[in-house]
Amino acid sequence: MEPVFSFRRFGYALVAMAAVLAAGTLGFHAALHESWLQSFYRAIVSASLTGLDTVPPNDASRLLTIGLVLAGITIFAYIGSLLVEAIARGVIGGMWTERRRRRAIQGLRDHYIICGFGRVGRRVADEFRHEGAQFVVLDFSAEAKEAAEEAGVLFLEGNGTDDDDLHEAGLERARGLVAASDDDSDNLYIALSARSVKPDLFIVARASNEDAAKKLRLAGADRIVQPYQAAGQVMANLILRPQVTAFVDVVTTASGTDLRFEEIEVTDACGQGGKSIRELDIRRQTGALVVALRKRDGTFDTTPTPEAVLDVGDVLIAAGTEQELRALEALFAPRETLAR
């Protein structure tokens, strides 16, 4: 495939111009015995066609001027054709697009990074888009770049195993990272690199088998997904419990019905710690239903009673419509945020 713009040819043109100016400077210095600066000035105005109103004093300088004019016309015409070609092929427009894209990535905060834009990475991006989550895709393949452009997502050409590329994707400002490469070793390096830079980053990684999953846990991944194992479990459940599986699939998919699941952490700033579900009257106040409670020690209360006390650090798993879940988030929002 022919390159969009040949920087090598443009470089050759600049070298040729420099050679012409150097030759002209030497020629004028020898023919007129002027200073080097004055000779260089004559070469510039002759080659650029801006000094033709002055007549050189002798035949040697006149011949040299003619040569510089012809060379200058040729080189400038060649450079002009290259620039027209660049504009026609969209290089300049592409540069502006690239600049806007990088500025958009630099402006991201609390976003997610998807490393690998294959089938799994694209599905993750679809869910993020439906949820309105900010994210950037990091991949190096031409196929992934084309898919990202078609989907209209922020794409950074690079490798998640490279610390510089992760930094450019805003790793220090990110909330989470998805290691979705098809290669287990790449996901392992991505998890190690990301964890070493940001210890509190939430990392979800793909693994092809249990052995790779164990290594990814050691590398610092918070959650491991094995697509083949997960697919097998879903298929078995669809046979054994089809309606239950269909319901779970609907409420856990961003593009499903109005019913959603959400997780909300009880923070010290919200001022609701130490109160029970009954005391907060969550169901009546918001309409959402608390279906599970994750305690600070990592255990789950899957059937919390109204008397269950919510401690700081607990995470509520709630179900409801988008409006009900937003009301629940407001109930547990930091008081400073509510005051503003």
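The values are calculated or read from the model by the stated rules, or taken from the named source; none is laboratory data. Small disclaimer: the values here were computed from a predicted structure and weren't measured. Cβ placement follows ideal geometry from the backbone for every residue including glycine, while neighbour counts extend to all protein chains displayed. Ligands, DNA and RNA are stripped out before the accessible areas are found, and what is left, the full protein with its side chains, is counted by its heavy atoms. Shrake-Rupley method; radii C 1.70, N 1.55, O 1.52, S 1.80 Å.
Fully extending the segment from Arg109 to Ala60, taken as 0.36 nm per residue of separation minus the present Cα-Cα distance, adds 11.0 nm.
Shown for the chain: the carbon plus sulfur share of the solvent-accessible area, taken with all protein chains present and a 1.4 angstrom probe, equals 58%. Relative to a virtual label point 7 Å from the Cα of Phe202 in the Cα→beta-carbon direction, which members of region 304-320 show backbone nitrogen distances below 14 Å? Residues 314-318 qualify, since their backbone N sits under 14 Å from the label point. Remark on Phe140: its backbone amide H falls under 5 Å from those of Gly158, a criterion applied only to residues 5 or more positions apart or on other chains, H modelled at 1.01 Å from N. Shown is the FRET efficiency for Ala330 and Glu85, computed with R0 = 56 Å from the Cβ-Cβ distance and rounded to the nearest 0.05: 0.50. Value of Rg to Rh for region 135-194, rounded to two decimals, is 0.94; Kirkwood radius and Rg both from alpha-carbon coordinates. Rounded if a/c is under 1.5, else prolate if a/b beats b/c, else oblate: with a ≥ b ≥ c from the C-alpha gyration tensor eigenvalues square-rooted, which is region 92-182? Judged from the Cα gyration tensor, region 92-182 comes out rounded (a/c under 1.5). With N the number of residues in region 234-314, Rg(Cα) / (2.2 N^0.38 Å) evaluates to 1.31. Within the same chain, lysines fewer than 8 places from Lys215 are excluded, and of the rest, those with a Cα less than 20 Å from its Cα are Lys198.
The tail of the calculated P(r) for region 31-179 beyond 20 Å holds 62 percent of all Cα-Cα pairs.
What's the long-distance tail for region 205-340, i.e. % of Cα pairs beyond 24 Å?
Summing the P(r) tail past 24 Å for region 205-340 gives 45 percent.
Annotation: lysines with alpha-carbon distance below 22 angstrom to Lys275 (same-chain offsets under eight excluded): Lys295. How tilted is helix 7-32 with respect to the longest principal axis of the chain? Cα atoms for both, answer in degrees (0 to 90, nearest 10). The answer is roughly 30 degrees. Where only DSSP H runs of four or more residues are counted, the chain gives -17000 deg cm²/dmol as its mean residue ellipticity at 222 nm, each run worth -39500 (n - 2.57). Gain on full extension, evaluated as 0.36 nm per residue between Ala231 and Ala319 minus their Cα-Cα distance, stands at 29.2 nm.
Put simply, the C-alpha atoms of the chain give a gyration tensor, and the ellipsoid matching it has half-axes of 66, 23, 18 Å, longest first.
Any chance you could give the angle, 0 to 90 degrees and rounded to 10, that helix 322-331 forms with the longest Cα principal axis of the chain? Once rounded, the angle reads 80 degrees.
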